[in-house]
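Peer 1: Just passing along the structure, written as structure tokens.
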Amino acid sequence: MTSRIGVVTFPGTLDDRDALRAARLAGAEPVPLWHRDKDLKQVDAVVLAGGFSYGDYLRAGAISRFSPVMDTIVEQARAGMPVLGICNGFQILTESHLLPGAMLRNNHLHFICRDQKLRVENADTAWTADYEAGQEISVPLKNIDGRYVADERVLDELEAEGRVAFRYLDGNPNGSLRDIAGITNAAGNVVGLMPHPEHAVEPLIGTGRTDGLGFFTSILKRLIAA
């Protein structure tokens, strides 16, 4: 049976189709999910895609956190279901308290869009197992509220427990503390990052490389093994 990866669409989501395509290219069955529907349609994993849900009013991800679908996702994620939050999806994960910290306006106060080099810090999560720790990858980055912040105690815990999943290389693009580009929960089933791996899955588009495809092949292999 083919593993099913659901991708949630909120009002203002931009990259849901890209995430669905990436899941299909990896060999999974992509399943569109609507934000007002609590039913996850028996998916095996969920992606919260990038964009500007609800126009980023109040705070990025603050309104989406209360969408009906998030009640089910939070419950299932705490029970072990894999969840990946990309850009706005990462913001929603912090607002939902599935991941610690918060996302603030970029320190230079401008929208940024560029190819971004990252270092894989944790290759043991459900979404990063096809990478190697220390591996350098390049995927597109596009955000204005991408500055990851947390208090020193949380930052020290993330470092000590190996929960920093990705770190920016060749310059910090948004002022994120300790160059953090992405993190994971303690169980390794929930991962959030600001860059966009779904835009780096085919040589023809994005960075011209397939460095982002590993997110989707990683989770597919994990689901098949389970």
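The values are calculated or read from the model by the stated rules, or taken from the named source; none is laboratory data. Bear in mind that the values here come from a model prediction, so they are computed numbers and not experimental data. Heads up, the Cβs are rebuilt from the backbone with ideal geometry, glycines too, and the neighbour counts pull from every protein chain shown. When the accessible area is computed, the model is the full protein with side chains, heavy atoms only, and any ligands, DNA or RNA have been set aside. Shrake-Rupley method; radii C 1.70, N 1.55, O 1.52, S 1.80 Å.
Peer 1: Conditions: (1) free of Cβ contacts under 8 Å to residues at least 40 places away in the same chain; (2) on the phi < 0 side of the Ramachandran plot; (3) open to solvent by 10 Å² or more (accessible area, probe 1.4 Å); (4) not acidic (D, E). S176 meets all but one. Number of the miss?
Peer 2: Checking S176 against (1) free of Cβ contacts under 8 Å to residues at least 40 places away in the same chain; (2) on the phi < 0 side of the Ramachandran plot; (3) open to solvent by 10 Å² or more (accessible area, probe 1.4 Å); (4) not acidic (D, E), the one that fails is (3).
Peer 1: I've got another one for you. Taking the options G188, G182, G192, G175, name whichever one is over 18 Å from the mean Cα position of the chain (by Cα) and not polar (S, T, N, Q).
Peer 2: From the options G188, G182, G192, G175, the qualifying one is G175.
A quick yes/no check of all residues on (1) more than 14 Å from the chain's Cα centre (by Cα); (2) aromatic (F, W, Y):
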site: D115; (1), (2): yes, no
site: E121; (1), (2): yes, no
site: A126; (1), (2): no, no
site: E132; (1), (2): yes, no
site: E136; (1), (2): yes, no
site: Y168; (1), (2): yes, yes
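Peer 1: For the stretch 123-144, how many residues meet the condition of being surrounded by 17 or more Cβ atoms within 10 Å (Cβ to Cβ) and assigned to a strand (DSSP E or B)?
Peer 2: 7
Peer 1: Any residue in the stretch 142-167 that's without any contact (Cβ under 8 Å) to a residue 40 or more places away in the chain: show its pairings with residues that are acidic (D, E) and crowded, with 20+ Cβ neighbours inside 10 Å at Cβ separation under 6 Å, as long as the two are six or more apart or on different chains.
Peer 2: none
Peer 1: Being over 20 Å from N143 (Cα atoms) and open to solvent by less than 20 Å² (accessible area, probe 1.4 Å) is the filter here; which residues of the stretch 9-21 pass it? I'd like the intermediate steps shown before the answer.
Peer 2: Initially, the stretch 9-21 is screened for residues over 20 Å from N143 (Cα atoms), giving 20-21.
The answer is none; no residue qualifies.
Peer 1: Among all residue pairs at least 6 apart or on different chains, which show Cβ distances below 7 Å where the first residue, located in the stretch 211-226, is in a helix (DSSP H, G or I) and the second is open to solvent by less than 90 Å² (accessible area, probe 1.4 Å) and of a type in the set (F, W, Y)?
Peer 2: G214/Y131; F215/W127; S218/W127; I219/W127
Peer 1: Limited to the stretch 215-226, what total is found for residues that are open to solvent by 10 Å² or more (accessible area, probe 1.4 Å) and not basic (K, R)?
Peer 2: Count: 6.
Peer 1: Considering only residues of the stretch 197-213 that are in contact with a strand residue (DSSP E or B) (Cβ under 7 Å, 6 or more places away or on another chain) and surrounded by 16 or more Cβ atoms within 10 Å (Cβ to Cβ), which is modelled with the lowest pLDDT? I'd like the intermediate steps shown before the answer.
Peer 2: So the first thing to find is which residues in the stretch 197-213 are in contact with a strand residue (DSSP E or B) (Cβ under 7 Å, 6 or more places away or on another chain), and the list is 197-200, 206-207, 209, 211-212.
If we keep only those that are surrounded by 16 or more Cβ atoms within 10 Å (Cβ to Cβ) as well, we get 197-200, 206-207, 211-212.
Values: P197: 97, E198: 97, H199: 96, A200: 96, G206: 72, T207: 76, D211: 97, G212: 98.
Step by step, filter the stretch 197-213, then rank; the result is G206.
Peer 1: If I filter the stretch 58-68 down to residues being of a type in the set (A, V, I, L, M) and open to solvent by less than 30 Å² (accessible area, probe 1.4 Å), which single residue comes out as modelled with the lowest pLDDT?
Peer 2: Quick first cut of the stretch 58-68, residues of a type in the set (A, V, I, L, M) only: 58, 60, 62-63.
After this cut, where a residue has to be open to solvent by less than 30 Å² (accessible area, probe 1.4 Å) as well, the list is 60, 62.
Working: A60: 73, A62: 82.
Out of the qualifying residues, it is A60.
Peer 1: May I ask you to list the residues in the stretch 185-217 that are small (G, A, S), in contact with a Pro (Cβ under 9 Å, 6 or more places away or on another chain) and under 22 Å from D145 (Cβ atoms)?
Peer 2: Of everything in the stretch 185-217, those that are small (G, A, S), in contact with a Pro (Cβ under 9 Å, 6 or more places away or on another chain) and under 22 Å from D145 (Cβ atoms) turn out to be A200, G206, G212.
Peer 1: Quick test for you: out of R153, R147, pick the one residue that is surrounded by fewer than 19 Cβ atoms within 10 Å (Cβ to Cβ), out of contact with any Cys (no Cβ under 8 Å at 6 or more places or on another chain), modelled with pLDDT of 95 or more and not hydrophobic (A, V, I, L, M, F, W, C).
Peer 2: The match here is R153.
Peer 1: What are the residue pairs meeting all of these: first residue in the stretch 47-62, first residue without any contact (Cβ under 8 Å) to a residue 12 or more places away in the chain, second residue outside any helix (DSSP H, G or I), Cβ atoms under 9 Å, and 6 or more apart or on different chains?
Peer 2: These pairs meet every condition: Y57/I63.
Peer 1: Can you find, within the stretch 69-122, the residue that is most open to solvent (accessible area, probe 1.4 Å) among those that are more than 27 Å from D44 (Cβ to Cβ) and among the charged types (D, E, K, R)?
Peer 2: R105
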